[in-house]
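To keep things clear, I will list the structure first and then write my remarks on it.
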Amino acid sequence: MPFQQLVIELGRADPADAERACNVLGAIALSLFDAGDEALLEPAPGETPLWRETRLCALFADSAEPGVLAATLTAVLDLPGDAIRCERVADRVWEREWLKDFRPMRFGRLLWVCPGGQRPPDPAAIVLELDPGLAFGTGTHATTALCLEWLDAHVAAGMTVLDYGCGSGILALAALKLGAARATAFDIDPQALIATRDNAARNALADRLTIAERSVAVAGPSDLVVANILAGPLRQLAPELAGRCRPGGAVLLAGLLDAQAAEVAEAYGPWFDIETAARRDGWSALAGRRRAE
């Protein structure tokens, strides 16, 4: 069944008013998009900021009259005459549609992340099967890619790993695929823990992975501590993550912009010999070795 879609350029208008108006007119689904190219990094706790320039896509039943809808919304929201574009959207298998551009990706020498049903061209590949989901982490973002490449080069057989802020669990699961004996995945987001548990099961790694929903439940110390979060939390967590890494163990930190790397490294300096491991697209990853007490 096809649908009618209205693409509404809201500019700096309040999206909430447009959402309410579309719902009154019978919208089936609403999606907000960045109308420019504005990154939203490290919002304050409790904030869910939107972009300065916003685009709203509203989906309606095929029986709806897009011209009438557009004219009504233009008047109600006091929009310019060219702010709304109408288009007909063909029905698709929506559950899989968003995966169509997700292909096997290689990180380092042997590690590949592949969506379900796809295989890499390298017969010697170490494969982690993973589909994009609600929890952060598929390898498409530079910070995750930097971590995966580092893991491919540095994970040793038999080591223990803590993935602090695990998202989809991709880093803990990659470490297990690369030879780690056990890994612990911790996150405060329940959706992340669900995704991690599901991803571990589909990769037959559940028996070697501990999923922790509270930091006090994390056993340790570990041979390797990985945290791909944001610069602010990384600075605040420095004493805790240092305590969760054994002397002589390693730490891998990501989710920080190039300009933030020095201050994060300084926060870990009392416990680690740490340096920038790699940079990509304005993002940095830090790696360090825990000094003896």
Theoretical gain in end-to-end length, R280 to A90 [0.36 nm per residue, Cα-Cα removed]
64.7 nm
Suppose each label sits 7 Å from its Cα in the direction of the beta carbon; what would the E19-D207 distance come out to in nanometres?
4.6 nm
If I stretch the segment between D78 and A219 completely, what's the gain in nm (0.36 nm per residue apart, minus their alpha carbon distance), one decimal?
45.0 nm
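Quote the charge dipole size of the chain about the Cα centre in Debye, to the nearest 20; the model charges only the Cβ of Lys and Arg (+1) and of Asp and Glu (-1).
On the way: 27 positive and 39 negative charges, 248 e Å.
Dipole size: approximately 1200 debye.
For n ≥ 4 DSSP H runs only, could you compute -39500 (n - 2.57) per run for the chain, divide by its residues and tell me the 222 nm figure to the nearest 500? Show your work: numbers first, answer last.
Working: 9 runs with 80 residues, N = 293.
Mean residue ellipticity at 222 nm (helix-derived): -7500 deg cm²/dmol.
Hey, any idea what % of the chain's accessible area is carbon plus sulfur with a 1.4 Å probe? Working shown, then result.
On the way: 7620 of 14540 Å².
That fraction is 52 percent.
The values are calculated or read from the model by the stated rules, or taken from the named source; none is laboratory data. Please read all numbers here as calculations on a predicted model, not as lab measurements. Virtual Cβ from ideal backbone geometry, glycine too; neighbours counted across all protein chains shown. Note: areas computed on protein heavy atoms with side chains; ligands, DNA, RNA excluded. Shrake-Rupley method; radii C 1.70, N 1.55, O 1.52, S 1.80 Å.
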